[in-house]
1. Test Gly233 against the stated conditions and say whether it is over 18 Å from Gly74 (Cβ atoms) and out of contact with any Asp or Glu (no Cβ under 9 Å at 6 or more places or on another chain).
2. Quick check: is even one residue across segment 199-216 over 18 Å from the mean Cα position of the chain (by Cα) and crowded, with 21+ Cβ neighbours inside 10 Å?
3. Which of (1) within 17 Å of the chain's Cα centre (by Cα); (2) free of Cβ contacts under 8 Å to residues at least 24 places away in the same chain does Thr190 not meet, given it meets every other one?
4. Could you list, in sequence order, all residues of segment 299-314 that are open to solvent by 20 Å² or more (accessible area, probe 1.4 Å), in contact (Cβ under 8 Å) with a residue 12 or more places away in the chain and out of contact with any Leu (no Cβ under 8 Å at 6 or more places or on another chain)?
5. In segment 305-320, what residues are among the polar types (S, T, N, Q) and part of a strand (DSSP E or B)?
6. Ser163 is checked against (1) in a strand (DSSP E or B); (2) touching a residue at least 24 places away in the same chain (Cβ under 8 Å) and fails just one. What number does that condition carry?
7. With closer than 27 Å to Thr332 by Cα, open to solvent by less than 10 Å² (accessible area, probe 1.4 Å) and of a type outside the set (Gly, Ala, Ser) as the only criterion, which of Val80, Val188 stands out?
8. Identify, from the list Ala45, Ala33, Ala50, the residue that is modelled with pLDDT under 95 and assigned to a helix (DSSP H, G or I).
Amino acid sequence: MPVKRMSRARTRAAVGLSVAALAAGATTGAAPATAQPRTAGAAAADCSAAYKIEQKLSSGTTWRMCWRYDSKAGLVLDNVSYQPKGESAPIKVLNSARLAQIDVPYDDGSVEYDDLTGFGFAQGLMNLAPGECPGGTIKTVKVPDAWDPQHPNVNGLCTTTRSRGHAYRMQGDTANKVYQAQGKDLLVYTVNQVGWYEYMTEWRFQDDGTVNMNVGATGSLSYDDYDAGDGRGWPLGKGAKAYATSHSHNVFWRLDFGLDGSSKTKVEQYDSTVSAPAHGQEAPSAKTTRTKVAKELGGDYKAYRWWRVVSATGKNKDGHARSYEVVPGPTTKYAGRSFTKHDVYFTEYNKCEQFATNNTGNCPAGAGKSVEKWVNGQTLTHPIVWMNVGFHHIARDEDQQPMPIHWQGFSIAPRDVTAMNPLTPDELSWQNGHWRPRS
């Protein structure tokens, strides 16, 4: 991700004026992709039609959710449910999902930014042009604490669908038929400007039940930031005179699972060990063990380790407990802060614990301002999942101009949510479990 700030010593006020000017100048020019958007204020408790997202994909899967806009976190998705074909009712997945911080420390130690709670991420919501939301709808968002109170409404929330390529492909056993399907996604996204960066916060809901959460950084390199003369930057432009300062982006997400409508989910950790081939074996062997995570945990990824969040109440048609597996994306763990020490945190729900760093949730004195402080031995009865995905950005010539988007994120994948692949063709639906070819 690029060097982005207006200056190394910029103030929130300076950024506020910049973004307010952009918003004021763009409001009248933005338009929806399909119909005139409706202005929306704070979300109603019952999720009125203006705040409801419901999309049935061509493969038969329907995703439903409510949206609202927080004055610091930006877009928040609530009451997310998934209903593939063959299921008579929606399956609740998440109570809520949102960003929890974007922490940006510079390599020379001169500055560190907390973009959500300290530098107006939410107020930097950008207007989207129709071409940025092809085939979809752009909803109008009333931005809380808008920098320009006279123009709080921004055409800034896109909901649309996209193809993602093959969902599966299988050659029939008679070698005369190919079973294949192209996967479809519901895409929900916003763009928020902070200084020189434009962050694209993207949520992709696949027709197979997978949810992808990504933040993409694009925008512009800061022309005021070519001053890294101490070896902590990369030369851009002619020769080796101007060095863009390297820095990190540590993005946090906060997920509150509500599988099958209950917040009393369970967390499990799985680890596998691989042993050398024993006498008489042709290959190494692997053994997988399960550990129930009963208390709060700061966890670290390593080879053959993964976690899942398990429903306490629901089972699929095979009688297996429904769960979602946490699937990490590429990450560069930042070693400079205690709150970035771990890749994932599981904490007991506390209403005041809202942001992974520089928390503004009004927790009691002594509770700590960052997520690692909240891992203090509590029993998990309503676990919250905090994901930390890092990227170390060393600028390159190709980052100018504009800067190509760089993505960082992760996903959650259904594990035993349905008894079979939710996209299974009807003619193969009998092949569940141990089956034999029909004569």
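1. Working: over 18 Å from Gly74 (Cβ atoms): yes; out of contact with any Asp or Glu (no Cβ under 9 Å at 6 or more places or on another chain): no.
So Gly233 fails the test.
2. Residues of segment 199-216 over 18 Å from the mean Cα position of the chain (by Cα): none.
No, the conditions are met nowhere in segment 199-216.
3. For Thr190, the failing item is (2).
4. Residues of segment 299-314 that are open to solvent by 20 Å² or more (accessible area, probe 1.4 Å), as a first pass: 300-306, 308, 312-313.
Okay, now just the ones that are also in contact (Cβ under 8 Å) with a residue 12 or more places away in the chain, so 300-301, 304-306, 308, 312-313.
Hits for segment 299-314 are Asp300, Tyr301, Tyr304, Arg305, Trp306, Arg308.
5. Narrowing segment 305-320 to residues among the polar types (S, T, N, Q): 311, 313, 316.
Selection gives Ser311, Thr313.
6. Result: Ser163 fails condition (2) only.
7. On the way: Val80 fails: closer than 27 Å to Thr332 by Cα.
The conditions single out Val188.
8. The unique qualifying residue is Ala50.
The values are calculated or read from the model by the stated rules, or taken from the named source; none is laboratory data. Every value quoted in this text rests on a predicted model; they were computed, and no experiment measured them. For neighbour counting, all protein chains shown are included, and Cβ atoms are generated from backbone atoms with ideal geometry for every residue, glycine included. Surface areas here come from the heavy atoms of the whole protein model, side chains and all, with no ligands, DNA or RNA. Shrake-Rupley method; radii C 1.70, N 1.55, O 1.52, S 1.80 Å.
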